[in-house]
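Below is one structure, written out as structure tokens; the observations come after it.
Coordinate-derived values only; no laboratory data. The structure presented is a predicted model; accordingly, all values stated were derived computationally and were not measured. Reconstructed Cβ throughout: ideal geometry from the backbone, glycine too, with neighbour counts over all protein chains shown.
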Amino acid sequence: MSTQNEHIVIDGPNLVHGGTSEVDHNVHPNDRDRHGADDALHGHAHHEPHFIFKYIFSQDHKYIAKQFLITGMVWAIIGALMSVFFRLQLGWPDKNFAILETFLGHWAKGGKLSPEFYYALVTMHGTILIFFVLTAGLSGTFANFLIPLQVGARDMASPFMNMLSYWFFFTASVVMFCSLFVQTGPASGGWTSYPPLSAIREASLGSGTGMDLWLIAMALFVVSTLLGGLNYVSTVLNMRTKGMSMTRLPLTVWALFFTAIIGILSFPVLLSGFVLLIFDRNFGTSFYLSEIFINGRALPHVGGSPILYQHLFWFLGHPEVYIIMLPGMGIASEILSTNSRKPIFGYFAMVISLVGITVLSFLVWAHHMFVSGMSPFLGSIFVLMTLLIAVPSAVKTFNWLTTIWRGKLRFNVPMMFAIGFVSMFISGGLTGIFLGNSALDIHLHDTYFVIAHFHLVMGVSAFMGMFAGIYHWFPKMFGRQMNNTLGYIHFWLTFIGAYLIFWPMHYEGIAGMPRRYFDYSAWESFKQFESLNSFISICAIVTFFAQLIFLVNFFASIWKGKKVTDPNPWGSTTLEWTTPIKPGHGNWPGEIPTVYRWAYDYKDDGNGNDFVPQNVPLREGEEAH
Amino acid sequence: MSFIIFALVALFFVIIYQIAKASEYATTLRGEDKVRASTNKLMAWLLLAFLVLGMYAAWHFHESILDKMLPVSASAEGREYDSMFKATIILTGIVFFITQTLLFWFAFRYQSTEKRKPYFYPHNNKLELLWTTIPAIVMAVLVMVGLKNWFLMTSPAPASAQVVEIVGKQFNWLIRYPGADGELGRRNFRLINDANNVLGLDYKGDPRNLDDVVNQSGELHIVKGRPVKLIIGSRDVIHDVGLPHFRYKMDAVPGITTTIWFTPTVSTEEMKKITKNPNFVYEISCDQLCGKGHYSMRGTVIVHDTQEEFNEWMRKQTPDYVTNFANKPASPAPANQAAPVTDSAKKTAMK
Ligand code: HEM
Ligand SMILES: [Cu+2]
Ligand SMILES: [Cu+2]
């Protein structure tokens with residue numbers, strides 16, 4: 001063992017796997033139940049897995065990643081389409097659109113949305129994009145796909161749990177989808193679903209059956225996230241290949257690792273919040289309810305506090321935005337470095353800032369509640385914590401900038417999206433400084449300034465990161481390339497479109513225009529934005545259609561894209577590119593490669609290449625990292 | 001109609017597909033490396049162009065939209081707000097300009113060319129320290145300024161403040177003024193009754209209620225120069241009293257009382273002149289999603305020029321008790337209720 005570990009610098013966790021090649025078998029207690037390259041390699045006679053187990057209840061992390069990706073994409077289309085529907089209403093509140101009636105039936109009689117359904121659309125749009133697309137679709141895809149490939153493992157720590165994670169997500173999706181069709185409409189209390197509105201059935205149409213289904217779907221979703229997250233964390237901790245110390249991990253893995261930790265620690269709190277809400281709705285408890293007179297009668301509840309729900313919700317709700325952001329950060333770091341042909345600048349600072357963000361993300365939740373009636377002193381603590389979190393974010397930004405400084409930049413499609421990610425992150429991050437300062441938030445809270453802020457920093461940035469990742473790893477996922485020209489068109493339309501949609505919203509918010517309004521035309525203070533709102537809606541529709549370009553490119557390329565011939569098409573250092581072009585079950589047909597260096601050795605390798613993969617042994621005189 | 005849409009969508013997909021095919025043929029014809037090099041250059045220029053045009057557009061847009069924004073703050077505290085806001089805009093504006101420029105300039109400047117050699121530069125702890133401490137210091141300053149204002153805004157109201165209660169319900173605002181005794185009486189949600197006691201004033205238990213004036217039109221009357229303290233509550237779900245012209249807002253939470261106070265400095269009449277808009281009116285928006293009529297939960301604020309003017313108005317109001325129970329059989333709470341008042345915005349809009 002000691003000889004095997006010679007090249008490993010100080011690294012505790014690595015000892016976990018003993019360091020011999022047998023490890024590859026030992027760490028796979030499940031190998032016996034699984035099928036594929038791993039077994040075939042060792043000469044066991046094995047039949048092909050049954051169709052159902054290969055394509056539906058697959059336990060291969062790469063396949064599960066694709067399942068998450070495709071499901072997430074379906075949701076993304078639905079969620080984005082909803083935003084087009086409600087943008088039609090916001091842009092032209094006095095017009096009717098026949099197409100709305102075609103799609104939504106009685107919810108848009110004569111082509112005019114009903115206010116109830118407007119709120120339902122906004123709620124589902126938020127819920128779908130935040131949870132189903134940018135949590136499950138993003139982490140689910142890349143954590144599944146990249147963690148085993150980049151740490152050098154044959155699969156997840158528990159492939160079975162991994163499969164369950166997907167199927168819980170799928171079930172949650174089915175329930176959520178069904179809720180769109182119930183008679184009283186889907187939940188309509190906002191993605192935050194504050195009680196009493198969400199707790200009292202009479203309070204709004206969407207607080208009826210739609211809300212029940214919403215809660216059930218979300219509970220299933222939390223289970224899925226936990227199963228996935230536990231798997232990601234244990235895989236990163238226990239299943240790294242020989243030589244892959246924690247300090248040699250690619251930043252994608254670090255980011256996904258912290259994402260999973262945040263999820264594991266915060267989602268259970270959300271679940272408990274939901275359970276109490278279910279109790280209040282169905283069993284007459286009063287956790288969140290007190291002194292309510294509604295629909296002509298006084299309810300019996302006294303003593304509860306709606307603020308309690310807000311604390312429980314935002315204890316997840318805020319970390320959630322980092323759950324959405326971190327994978328994008330990791331992906332952008334990886335892609336910026338690869339395509340600058342330069343190591344990421346400040347690897348350790350990048351990891352430490354991730355730690356900082358992870359820790360601080362749990363200490364800032366109440367900045368969403370400055371005007372909820374919370375104690376002003378408590379508010380001041382959260383101001384401090386919130387602005388503190390700007391520091392690690394700034395460090396990351398400067399490190400990205402220094403990474404591309406004096407590089408040799410290749411502007412392939414993933415690189416464009418990574419640059420777009422940084423640009424959006426800067427723009428959205430800076431407006432967070434306004435909102436985190438309670439004295440400024442007291443006017444901006446719940447206006448379009450907030451909509452603009454979080455769409456840029458979380459919605460669009462995370463999508464930029466996700467697109468970057470898809471374009472970058474598509475060759476690894478499907479063995480083919482996506483079309484470049486379409487990729488560039490997609491990038492520019494999305495990037496410019498997103499700025500045009502969300503930049504003007506800041507001004508509407510500064511003017512006090514509240515979010516979640518169905519119509520502003522009766523308001524003396526807000527109606528002057530009518531033409532601006534139409535402009536935003538036009539941009540939103542164009543941007544929506546730009547995403548169809550991506551969809552065509554994605555699906556056409558799966559079957560018709562140019563075949564990849566080079567196993568390492570981007571000249572990357574990380575381990576996933578040492579697998580065959582189409583890795584089978586078990587990832588490496590032979591032994592898992594041993595790692596000798598960090599993930600960012602973009603330098604002359606002495607043979608005319610400008611990068612040194614992680615599995616290349618140190619040359620003489622070279623210092624280990 | 002739907003056929004045309006269908007045809008257009010189909011055409012759209014065909015065009016996309018053709019672009020893809022054409023670009024692939026072109027690449028094979030011209031040679032992959034050559035195409036890659038020229039695309040790289042094109043993208044570098046586009047990024048630079050985006051930076052220049054984007055900065056110009058942002059500035060131009062800023063200038064052109066200013067006259068659509070809110071007028072000067074109508075409260076003394078709001079003035080502080082505006083100056084802090086401006087300072088934060090300038091500060092973040094500078095950071096925005098520098099970082100975005102660096103990002104796109106580096107991208108353009110260091111685009112891949114034949115000759116360029118990337119510079120192996122993995123870390124520099126001095127730099128990291130630099131850009132950890134500078135943001136930390138800047139943030140500390142912002143926190144200090146912010147908290148100074150925050151504690152000012154949330155400090156106890158002066159004793160001379162006018163007290164008004166504002167209660168949200170689906171979907172309008174109920175406003176209560178104390179009568180001659182200058183005090184608001186106790187409420188009890190179990191006594192609420194849409195016919196004759198919308199706020200659930202406890203007349204039996206608290207005689208201070210007898211002279212309280214309740215206004216269901218959502219009109220909040222206050223006086224220029226006199227601090228006003230709002231006692232905020234809700235009858236049903238969470239609402240939020242949004243006062244954009246005064247730069248304030250506070251949730252209305254059932255079961256909990258919240259408050260804000262501020263000093264109005266510009267009367268409604270004065271603001272009509274400042275904005276040159278004879279229809280100008282201070283509005284109260286509901287800023288917390290409260291159900292179907294949320295977007296129409298509109299109230300207004302009338303800032304009187306003088307206390308006398310306000311007193312004049314107040315004299316014309318009748319206490320709720322007198323309206324509902326004087327001259328009537330003394331049993332409150334009839335079983336049937338009048339239709340609740342809803343959608344106050346619609347009413348005002350229709351005028
Ligand atoms: C085509 C792109 C998009 C457009 C045009 C769009 C537009 C909007 C608008 C106008 C609202 C405010 C509606 C209202 O308050 O009345 C909204 C709400 C929201 N959006 Fe988007 N959005 C887009 C993409 C996204 C993405 C990518 C995310 C992912 C994070 C997202 C998450 C949300 C959330 C969480 C809300 C708040 C929902 C609520 O108030 O409960 N959106 N969107
Ligand atoms: Cu937050
Ligand atoms: Cu409301």
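How well do other chains shield peptide B:125-136, expressed as the mean number of their Cβ atoms within 10 Å of each residue Cβ? Numbers along the way, then the final one.
Details: counts 3, 0, 7, 11, 1, 1, 10, 9, 1, 3, 10, 5.
The mean count of partner-chain Cβ atoms within 10 Å per residue comes to 5.
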- Note on the structure: The helix A:159-179 Cα axis meets the longest alpha-carbon principal axis of chain A at an angle in degrees, between 0 and 90 and rounded to 10, of 20
- the range B:5-61-the range A:423-461 distance, computed between alpha-carbon centres (Å): 31
- Query: Over the protein assembly as shown, one equal point on each Cα, no solvent: what is log10 I(q)/I(0) by the Debye formula at q = 0.08 Å⁻¹?
  - Reply: -0.79
- Note on the structure: Classified through the alpha carbon gyration tensor (a ≥ b ≥ c as square roots of its eigenvalues; rounded if a/c is under 1.5, else prolate when a/b is larger than b/c, else oblate), the range B:263-331 comes out oblate
- Item | Cleavage-rule hits, trypsin sites (Lys or Arg not before Pro), the range A:491-568, DSSP coil, Cβ neighbours within 10 Å at most 16 | A:Lys562
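Plugging the Kirkwood radius over Cα pairs into Stokes-Einstein for the range B:26-113, at a temperature of 4 °C and a viscosity of 1.567 mPa s, what D comes out in µm²/s?
It comes out at roughly 79 µm²/s.
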- Task: Give me the lysines in straight-line cross-link reach of A:Lys560: C-alpha distance below 16 Å, same-chain residues under 8 apart excluded.
- Result: A:Lys476, A:Lys582, B:Lys21
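Just flag the trypsin sites (Lys or Arg not before Pro) in the range B:84-163 sitting in loop per DSSP whose Cβ has no more than 10 other Cβ atoms within 10 Å. Walk me through the numbers on the way to the answer.
Values: sites: B:Lys86, B:Arg109, B:Lys115, B:Arg116, B:Lys126, B:Lys148; in loops: B:Lys115, B:Arg116.
Those satisfying the criteria are B:Lys115.
So which of A:Lys527/B:Lys68; B:Lys86/B:Lys148; A:Lys527/B:Lys86 end up more than 21 Å apart, counting from Cα to Cα? List each step's numbers first, then the result.
Numbers: A:Lys527/B:Lys68 10 Å; B:Lys86/B:Lys148 16 Å; A:Lys527/B:Lys86 24 Å.
Check vs 21 Å cut-off fails for A:Lys527/B:Lys86.
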- Message: Please give the Cα centre distance for the range A:65-114 versus the range B:299-317, rounded to the nearest Å.
- Response: 46
- Note on the structure: One finds the C-alpha centres of the range A:526-587 and the range B:189-249 to be spaced, in Å, by 54
- On a 0 to 90 degree scale, rounded to 10, what angle separates helix A:413-436 from the longest Cα axis of chain A? 40
- Tell me which aspartates and glutamates have Cα within less than 13 Å of B:Lys117's Cα, excluding those fewer than 8 residues away on the same chain? A:Asp604, A:Asp610
- Note on the structure: Mean shadow area (nm²) of the C-alpha convex hull around chain B is 29.5
- Task: Report the dimensions of the range A:282-354 along its three principal axes from the alpha-carbon atoms, largest first, rounded to Å.
- Result: 69, 22, 17
- Item | For the range B:10-66: span of alpha carbons on each principal axis (Å, largest first) | 51, 34, 7
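May I ask you to give the average projected area over all directions of the convex hull of the Cα atoms of the range A:489-568, in nm² rounded to one decimal? Show your work: numbers first, answer last.
Numbers: hull surface 30.5 nm².
Projected area, direction-averaged: 7.6 nm².
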- Message: Report the Cα-based extents of the range A:472-532 along its three principal axes, largest first, to the nearest Å.
- Response: 57, 19, 17
- Report, by chain and number, residues whose modeled amide H sits under 5 Å from the one on B:Asn193, excluding near sequence neighbours (fewer than 5 apart, same chain). B:Val198, B:Leu199, B:Gly200
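With contacts defined as alpha carbon pairs under 8 Å and 6 or more residues apart, what's the relative contact order of chain A in percent? Walk me through the intermediate numbers first.
Values: 1055 pairs, mean separation 101.6, N = 625.
Reported relative contact order: 16 percent.
Tell me, A:Asp604, B:Asp320 in order of fewest to most beta-carbon neighbours within 10 Å? Working shown, then result.
Working: A:Asp604 13, B:Asp320 24.
Fewest-to-most Cβ neighbours within 10 Å comes out as A:Asp604, B:Asp320.
If exposed chymotrypsin sites (Phe, Trp or Tyr not before Pro) are those in a DSSP loop with at most 11 other Cβ within 10 Å, what is the longest stretch of chain A that has none?
Values: sites that count: A:Phe181, A:Phe283.
My reading of the result: A:284-625 is the longest stretch.
Which whole-number percent of Cα pairs in the range A:119-251 have a distance greater than 26 Å? Provide the component values of the computation, followed by the final result.
On the way: 3116 of 8778 pairs.
Of all Cα-Cα pairs in the range A:119-251, 35 percent lie more than 26 Å apart.
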- Item | Kirkwood Rh, angstrom, the range A:359-485 [1 / mean 1/r, Cα pairs] | 16.5
- Item | Solution diffusion estimate, µm²/s, Stokes-Einstein, the range A:537-625, Kirkwood Rh from C-alpha pairs, 25 °C, viscosity 0.890 mPa s | 151
- Note on the structure: Correct response: the longest run of chain B lacking exposed GluC sites (Glu not before Pro), defined by DSSP loop and at most 13 other Cβ within 10 Å, is B:184-351
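Which of B:Asp305, B:Asp251 has the fewest other C-beta atoms within 10 Å, and how do the rest follow up to the most?
Numbers: B:Asp305 15, B:Asp251 28.
Exposure proxy ranking, most exposed first: B:Asp305, B:Asp251.
Once the Cα gyration tensor of the range A:281-436 is found, what semi-axes does its equivalent ellipsoid get, as square roots of 5 times the eigenvalues, in whole Å, sorted largest first?
Working: eigenvalues 366, 51, 30 Å².
So the equivalent ellipsoid measures 43, 16, 12 Å along its semi-axes.
If you keep only loop residues by DSSP, which GluC sites (Glu not before Pro) in the range A:545-625 have at most 12 other Cβ atoms within 10 Å of their Cβ? Mind dumping the intermediate values first?
Working: sites: A:Glu576, A:Glu591, A:Glu620, A:Glu622, A:Glu623; in loops: A:Glu591, A:Glu620, A:Glu622, A:Glu623.
Hits after loop and neighbour filter: A:Glu591, A:Glu620, A:Glu623.
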- What's the long-distance tail for the range A:12-578, i.e. % of Cα pairs beyond 37 Å? 31
- Relative to the longest principal axis of the C-alpha atoms of chain B, give the angle of the C-alpha long axis of helix B:2-30, reported between 0 and 90° and rounded to the nearest 10°. 30
